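Just below is one structure, and these are the notes that go with it.
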There are 2 protein chains.
Amino acid sequence: MDRQTLEQYRDIYRKGLLVDILPFWEKHAMDREDGGFMFCLDRDGSILDTDKGVWQTARYTWMVLSLYNEVEKREAWLDTGKHGIDFLEKHCHDVHGKLYFMVDKKGLPLRMRRYVYSEAFAAIAYGAYFRACGQEPYRQKAAETFTRFREYNETPGMIPSKYTAHRKMRSMGVPMIGIVTAQELRTNLQDESYTAYISTWIREIGKNFMNHQYQAVMETVGPNGELLDHFDGRTLNPGHAIEAAWFILREALHRNLDPELIRLGCTMLDWMWEIGWDKEYGGIYYFRDVKGLPVQEYWHDMKFWWPHNEAVIATLMAYLLTGDRKYAAWHREVHEWSFKHFPDPEYGEWYGYLHRDGSISVPLKGNIWKGPFHVPRMYYMAWKLCENLLNK
Amino acid sequence: MDRQTLEQYRDIYRKGLLVDILPFWEKHAMDREDGGFMFCLDRDGSILDTDKGVWQTARYTWMVLSLYNEVEKREAWLDTGKHGIDFLEKHCHDVHGKLYFMVDKKGLPLRMRRYVYSEAFAAIAYGAYFRACGQEPYRQKAAETFTRFREYNETPGMIPSKYTAHRKMRSMGVPMIGIVTAQELRTNLQDESYTAYISTWIREIGKNFMNHQYQAVMETVGPNGELLDHFDGRTLNPGHAIEAAWFILREALHRNLDPELIRLGCTMLDWMWEIGWDKEYGGIYYFRDVKGLPVQEYWHDMKFWWPHNEAVIATLMAYLLTGDRKYAAWHREVHEWSFKHFPDPEYGEWYGYLHRDGSISVPLKGNIWKGPFHVPRMYYMAWKLCENLLNK
């Protein structure tokens, strides 16, 4: 990529974040009456549902506090972060400290789920708040919430399995979210001890989820990484694997360009780009079958916002680390397809759910799954990656 | 509809059932090695997954035994039914008698679910087998399994709720499946006492799930039928409501053309045809929002096989009961759209999952959700409804 192209990309991402994406949520999501945020928003920002997702609450809180910590000490970002932290602390934990999945407008609990991803997202929110405000209890809260995430996932039986013991499974979600959570805490708590967890989880992915026969990153495998030749075991999630790829590439950056990690992260990206990129319509499929068979999940060929966000980051990061022009070309492909189809020129932000051909499935901007996380994180990280490339 | 048209439809349904649909499953699904059936089949009948869904096992067993009871005493149908009954009895109950959702090829349990629809489907399988073979223990099994379905659904807390007590909900699934289950048992066990349950469940639908303001049959409401103005509460399932409509119209047939039941069933069909029929591409949407807002479920605008099966039955039955030519016209519309898009002329049976425009999303013929139930039931019932209309 030449300098001019990089500058253009950098400006698109920086301005997009500050002028389009963040203002949409700042204007529409804040609930000053009952605290927290309402993310279930229609195309124009009007409220579709007042219920509050804990994932999105924690992730938006982390996002604005990260911008406060890393971009600029804007009081508004700190205030919004504090607003999110208050709601998380006041309403989102049950009596055992486990986090809910969803609460109502007033903060009354609506749904608890078996798994513990809310914990990972709350941990990074608390960690970013500690760095922003320096109050020691938040270091503690971040560390404790991370420990809870680990304990639930590492203690057999603590998360009730959907399947009986006759179908034992491992899911890539745990090590993958573990890596990025520990990376955030390592930085924001300034605690290198998190590196050991990251190494363990990266080994777990390398050992159990890399299927060399099919050249695919698996989502679900048997206890020793075996291919489970059933619908669930064969189902690949290219966007998810590409997101995991850049978590590992980011670790390579942290570890002085560790060549093993660069090889692992780039292999994951290479395999899943090949499997996930739709050669007919462009964009990244939601699910694929490792053997090319029909997928059971109905929305397998839709184009969701977040795999595209993750692929923009992953391709830029791979290009930064390797200089391989293939990654610059892939970045251009996914950037162009995404910016052609996802942004809403009239009301701002991105649509989340497109059909395979890029046409809009629903015009909403947020729901229980989509909030201000993947989109602003992409704009922010891609902006910084362009700066890194310009400074090389 | 004139006589000739009716005869044409009758022949399409009868021949389709006997020459296309049933042979597909008879040829490909039977597991002579481990018992039961493998329904997860690709377009050509090859096996995609050896796991066995309990819903489909019970429903196919019911289907073939119903044909044995009502169409012709073919030994092959009785044998297949016995084959299904054996597998259900041997492998599909846990130690408390609750039924699993999924077992593996050998019959080892894989998944139990909170809710108890497997019980309703097993009850009708046992009931049909009792009628076919006359063995008293199966009358008992059918009755007990139905009682378990009722107890789980009617005893607060016996099915753990997905939501906390802050969001109390009722779902139409329970009364609706209750009605058809009790209808089958009433006939096959020759026991009129099931009528009382049917009346209760029909009142429950009439009282709580008919939203006159929006002219919509709700899927999920508050404890007293209130509209829950959230994604879940607003989400309509037109195919499901149209299926419930014909369960009620069938009750009207049983009760000497009870005008109240005809009015209720036809209102449900009228409302949900208006909401569910895609005026641009044809076919029936999977989900719609009662206020016309964006739906949260990703596959909302896809065209699935079963809503079309249910609409073929419901429109024919409404025409039989009322003589209103509107229903004949709707029947023609849904019949033509369905037969244009769903059947596979090369390998037989129907595709299950189409995009909004009718193009194929996956070519498979069966999975954990799709098996030999809605399609053959439609062919069978529509054939018989055409005969009824011809004999009028």
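The table below lists the values:
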{"read-out": "J(HN,Hα) series, region B:105-122, from Karplus relation 6.51 cos²θ - 1.76 cosθ + 1.60, nearest Hz, glycine and proline x", "value": "4, 6, x, 6, x, 10, 9, 9, 10, 4, 8, 10, 6, 3, 4, 4, 6, 5"}
{"read-out": "Label 7 Å beyond Cα on the Cβ vector: A:Leu108 copy-to-copy distances, nm", "value": "4.5"}
{"read-out": "When the convex hull of its Cα atoms is projected in every direction, mean area for the protein assembly as shown (nm²)", "value": "32.7"}
{"read-out": "Restraint check, B:Lys27/B:Lys365; A:Lys162/B:Lys168; B:Lys303/B:Lys340; B:Lys207/B:Lys279; B:Lys52/B:Lys98, Cα-Cα greater than 20 Å", "value": "A:Lys162/B:Lys168; B:Lys207/B:Lys279"}
{"read-out": "Chain B: relative contact order in percent, alpha carbon pairs under 8 Å with at least 6 residues between", "value": "18"}
{"read-out": "Heavy-atom accessible surface that A and B bury in contact, both chains counted, 1.4 Å, Å² to 100", "value": "3500"}
{"read-out": "Inter-label distance for B:Asp229 and B:Asp79, nm, one decimal - labels placed 7 Å from Cα along Cα-to-Cβ", "value": "6.2"}
{"read-out": "Shortest-first distances to equivalent copies, position B:Gly134, nm, label 7 Å out along Cβ", "value": "9.1"}
{"read-out": "Dipole magnitude (debye, nearest 20) for region B:288-379, charges at Cβ of Lys, Arg, Asp, Glu", "value": "200"}
{"read-out": "Dipole of chain A, positive direction: furthest Cα of A:Gln183, A:Leu320, A:Phe121, with charges on the beta-carbon", "value": "A:Gln183"}
{"read-out": "Distant-in-sequence amide H partners of A:Leu108 (H built 1.01 Å from N, under 5 Å)", "value": "none"}
{"read-out": "Stretchable slack from A:Arg114 to A:Asp357, in nm (0.36 nm times residue separation minus alpha-carbon distance)", "value": "84.0 nm"}
{"read-out": "Closest Cβ on chain B to the rotation axis that carries it onto A (distance rounded to whole Å)", "value": "B:Trp299, 3"}
{"read-out": "Using a 7 Å Cα-to-Cβ projection, A:Pro259 label spacings across copies, nm, ascending", "value": "8.9"}
{"read-out": "Estimated FRET transfer efficiency (A:Glu274, A:Gln190; beta-carbon r; R0 45 Å; 0.05)", "value": "0.70"}
{"read-out": "Integer Hz, Karplus 6.51/-1.76/1.60 couplings in order for region A:202-210, x for Gly and Pro", "value": "5, 4, 4, 5, x, 7, 9, 10, 8"}
{"read-out": "For region A:173-179, Karplus couplings with θ = phi - 60° (6.51, -1.76, 1.60), whole Hz, Gly/Pro x", "value": "x, 5, x, 5, 5, x, 4"}
{"read-out": "Accessible heavy-atom area order of A:Lys279, B:Lys384, highest first, probe of 1.4 Å", "value": "A:Lys279, B:Lys384"}
{"read-out": "Placed amide H near A:Ser361: partners under 5 Å, 5+ positions off or other chain", "value": "A:Tyr353, A:Leu354, A:His355"}
{"read-out": "Inter-part distance where region B:98-130 and region B:36-70 are each reduced to a Cα centre, Å", "value": "13"}
{"read-out": "Distant-in-sequence amide H partners of A:Asp289 (H built 1.01 Å from N, under 5 Å)", "value": "A:Leu236"}
{"read-out": "Accessible area of region A:64-158 belonging to carbon and sulfur atoms, whole % at 1.4 Å probe", "value": "50"}
{"read-out": "Charge dipole magnitude, Cβ of K and R +1, D and E -1 - chain B, Cα centre, debye nearest 20", "value": "500"}
{"read-out": "For region A:225-354: relative contact order, % (alpha-carbon pairs under 8 angstrom, 6 or more apart)", "value": "26"}
{"read-out": "Relative contact order (%) - criterion: Cα under 8 Å, at least six apart; region: region B:177-241", "value": "21"}
{"read-out": "Under 16 Å from A:Lys15, Cα to Cα: lysines that are on another chain or at least 8 residues apart", "value": "A:Lys384"}
{"read-out": "Within region A:29-173: Cβ-based charge dipole about Cα centre, in debye rounded to nearest 20 (Lys, Arg +1; Asp, Glu -1)", "value": "760"}
{"read-out": "Top of B:Ile242, B:Ile85, B:Ile124 by mean-square fluctuation, Gaussian network on chain B, Cα under 10 Å", "value": "B:Ile85"}
{"read-out": "Once exposed loop GluC sites (Glu not before Pro) are cut out (DSSP; at most 12 other Cβ, 10 Å), longest piece of chain A", "value": "A:73-191"}
{"read-out": "Restricting region B:38-87 to trypsin sites (Lys or Arg not before Pro) in coil, as DSSP defines it, with at most 16 other Cβ within 10 Å", "value": "B:Lys73, B:Arg74"}
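The values are calculated or read from the model by the stated rules, or taken from the named source; none is laboratory data. These numbers were taken from a predicted model, which means no experiment stands behind them. Positions of Cβ are backbone-derived with ideal geometry, glycine not excepted, and every protein chain shown enters the neighbour counts. Side chains included, ligands, DNA and RNA excluded: accessible areas come from the protein's heavy atoms. Shrake-Rupley method; radii C 1.70, N 1.55, O 1.52, S 1.80 Å.
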